[in-house]
Every structure is written in structure tokens, then in C-alpha cells.
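The values are calculated or read from the model by the stated rules, or taken from the named source; none is laboratory data. These numbers come from a predicted model, not from an experiment. Note: ideal-geometry Cβ built from the backbone for every residue, glycine included; neighbour counts use all protein chains shown.
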Amino acid sequence: HIATGDNLRALEAGSSETEDTSRASAARAYFGAARMRVTAGVDAIQVFGVPDPQYGEQLCAWVRLREGANLTEQELVEFCKGSIAHYKVPKYIRFVDEFPMTVTGKIQKFIMRQTMIDELHLTQSKTA
């Protein structure tokens, strides 16, 4: 099981921030300390690692847009490339209406991770 990111929360003026870590990507990027700022169209984002044969893991982001917002994957990637280090830019982005949650409101990233593994036909490397 890997350590994953946490909620991205909306701030004033339509920006958002996160303060979490993700061990995903070859560099084991510290994803949140730099306070990722995104466009006004993003309501929330969840970032987690998925298996990658070359690097061990790659970042994946599930993005929930604000109502009426229209943002493409390419626009989000371009924004990230101009704001954060290249190895922190998620390789996979999926726009969702909601995140899988427990009855107590905790986001279930293991479900998001498994969903992406299944959809992308990724294989997890076996560990000792």
C-alpha cells in the first residue's frame, strides 16, 4: 500500500491548494507542499499513484469540476506544466462527478486506484 495524496480544497478567487504527499513517480515527488494552484473550474482533485513498468508508479488525478465549468485534460496538463515540476504532472487525468466515499465521508483512494488499474489494463509488480 502506498501513501497517497489528500483533498484539494477550494480557496478564494477560484483557486485551490493541497498539502499532501504522494510517493508516486520515479522521483517520489512531494506533491502538495508547493501548493498546487489550479484554474477556477476545478472544485476538487484527488491524486494517487498507479503502477508503471518503467518508473514503478505514475501520478493519476481524479478531478471534479465546478458546476458549469468546462476544462479539458490538455488545459489542465498545460496549466500544471507551467506551475509545478514536470515529474509532478499527473500522467493520467480523469474527470468525475464524485469520488468514492465511505459512509463517514472519507475518500476511498484504493477504489480509485483499482478502477484505473482495471481501465488502463495496468499490472502491479510483485514485491517480496
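Go through (1) free of Cβ contacts under 8 Å to residues at least 24 places away in the same chain; (2) under 17 Å from A44 (Cα atoms); (3) of a type outside the set (A, V, I, L, M, F, W, C) one by one and return the number of the condition Q114 breaks.
Against the list (1) free of Cβ contacts under 8 Å to residues at least 24 places away in the same chain; (2) under 17 Å from A44 (Cα atoms); (3) of a type outside the set (A, V, I, L, M, F, W, C), Q114 comes up short only on (2).
Identify the single condition in (1) at positive phi; (2) not in a loop (DSSP other than H, G, I, E, B) that I117 does not satisfy, given that it satisfies every other one.
Only one criterion in (1) at positive phi; (2) not in a loop (DSSP other than H, G, I, E, B) is unmet by I117, namely (1).
Rundown of residues vs (1) part of a loop (DSSP other than H, G, I, E, B); (2) modelled with pLDDT of 50 or more; (3) more than 20 Å from K91 (Cβ to Cβ); (4) out of contact with any Asp or Glu (no Cβ under 7 Å at 6 or more places or on another chain), yes/no style:
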site: D20; (1), (2), (3), (4): yes, no, no, no
site: R28; (1), (2), (3), (4): yes, no, no, yes
site: G32; (1), (2), (3), (4): yes, no, no, no
site: F48; (1), (2), (3), (4): no, yes, no, yes
site: C60; (1), (2), (3), (4): no, yes, no, yes
site: R64; (1), (2), (3), (4): no, yes, no, no
site: A69; (1), (2), (3), (4): yes, yes, yes, yes
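Just give me the residues in region 117-128 being farther than 15 Å from Q54 by Cα and touching a residue at least 60 places away in the same chain (Cβ under 8 Å), in sequence order.
Correct list: I117, L120.
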